[in-house]
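Working notes, structure below.
The values are calculated or read from the model by the stated rules, or taken from the named source; none is laboratory data. Source: prediction; values computed, not measured. We place every Cβ from the backbone using ideal geometry, glycine too, and count neighbours over all the protein chains shown.
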Amino acid sequence: MRGWVLALAVIAGSVPAAAQTIKMPIAKGFWIAATAKCATATNGYAYDGARWGAVYYYGPNASMGPVAEMEKIGRTNPVPGGFTNMQLGDFQGAGYFHLKPVGPARVILRTGAPGPEGIQVMDDQLIKCDYAALSPKMKQALQKLAPALAVK
């Protein structure tokens, strides 16, 4: 009997990341740098309730694209400083993405990436754009690449 209990405990501890609870501190939407304007944004981050990542145009004058680099959020967990860690995919690597709300439609995105001197940390302030405030070009990108956010 004891062996079965141990086996069940091991199985329960190995629940796939997709089955774990996702609790994000932000609303679904399209998030851009706080220094940019929603009406002219050609790049930003999309959160559709299950995935997070960049949606952007590239090339001269943002004339090429759109492209999405979105990953399923495997799980979230609180980390020091009031941030929430987003594990993208099934495994947490050395790099990280942390979010901390600082207003109703404002968040700090803290990115940690491995570098020659250890983990390099960068903080960016992001604001949430209403879909209606985006340019037709960005609306088209979201309709194609993150349709759950294309709410008219």
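Brief remarks on what is shown
- Some residue of segment 134-143 being without any contact (Cβ under 8 Å) to a residue 12 or more places away in the chain and surrounded by 15 or more Cβ atoms within 10 Å (Cβ to Cβ): yes
Conditions tested, residue by residue: (1) touching a residue at least 40 places away in the same chain (Cβ under 8 Å); (2) under 20 Å from Ala148 (Cα atoms); (3) assigned to a loop (DSSP other than H, G, I, E, B).
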{"site": "Tyr57", "(1), (2), (3)": "yes, yes, no"}
{"site": "Pro66", "(1), (2), (3)": "yes, yes, no"}
{"site": "Gly74", "(1), (2), (3)": "yes, yes, no"}
{"site": "Thr84", "(1), (2), (3)": "yes, no, no"}
{"site": "Asp90", "(1), (2), (3)": "yes, no, yes"}
{"site": "Leu99", "(1), (2), (3)": "yes, no, no"}
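- Test: Val102 is surrounded by fewer than 16 Cβ atoms within 10 Å (Cβ to Cβ), closer than 23 Å to Ala33 by Cα and modelled with pLDDT of 95 or more: yes
- For segment 44-88, the set of residues classified as more than 18 Å from Leu99 (Cα to Cα) and surrounded by 13 or more Cβ atoms within 10 Å (Cβ to Cβ) consists of Tyr56, Tyr57, Ala62, Gly65, Pro66, Val67, Ala68, listed by residue number.
- Residues within segment 120-133 that are surrounded by 12 or more Cβ atoms within 10 Å (Cβ to Cβ) and either more than 15 Å from the chain's Cα centre (by Cα) or without any contact (Cβ under 8 Å) to a residue 40 or more places away in the chain (or both), tallied: 4
- Residues in segment 109-128 that are of a type outside the set (A, V, I, L, M, F, W, C) and within 30 Å of Lys37 (Cβ to Cβ): Arg110, Thr111, Gly112, Gln120, Asp123, Asp124, Gln125, Lys128.
- On the stretch given as segment 32-69, residues that are among the hydrophobic types (A, V, I, L, M, F, W, C) and more than 19 Å from Lys137 (Cα to Cα) total 3.
Yes or no, residue by residue, for (1) modelled with pLDDT under 95; (2) surrounded by 17 or more Cβ atoms within 10 Å (Cβ to Cβ):
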| position | (1), (2) |
| --- | --- |
| Ala17 | yes, no |
| Gln20 | yes, no |
| Tyr96 | yes, yes |
| Leu109 | no, yes |
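- Taking the listed residues Ala141, Ala113, the one that is part of a strand (DSSP E or B) and either among the aliphatic types (A, V, I, L, M) or within 15 Å of Lys28 (Cα to Cα) (or both) is Ala113, with no other qualifying.
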